[in-house]
Amino acid sequence: MSGTGNGEAIAYIRQILGELRQVARREGADMLCYLIEMAYVEADDVSRAVAPVQPVLEIEISPPACQSRRPARSSSSRTR
């Protein structure tokens with residue numbers, strides 16, 4: 001797939017992702033918000049021609065833009 005080379009398409013994608021991130025945050029869709037945030041960061045990296053960083057799967061990252069509005073679930077242990 002060839003691009004226009006001027007970055008307009010990537011800038012548009014980044015803009016739309018920013019708007020989708022706000023919608024996901026308002027709806028309390030934390031995981032969706034997080035995934036959109038990752039795509040937003042990637043679009044920013046592509047627009048700056050920065051090589052993407054390989055994800056480290058062992059750590060959990062929660063971007064500040066997607067903080068949960070729902071109360072934390074309490075974990076209860078079951079005894080048998």
When 34, 40 are ranked with the fewest other C-beta atoms within 10 Å first, the list becomes 34, 40
Modelled label-to-label distance, residue 41 and residue 16, 7 Å Cα→beta-carbon offset: nm? 2.2
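Only the coordinates and a few stated rules stand behind these numbers; no lab work does. Fair warning: this is a prediction, and the values are worked out from it, not measured in the lab. All Cβ positions, even for glycine, are placed from backbone atoms using ideal geometry, and neighbour counts span all protein chains on display.
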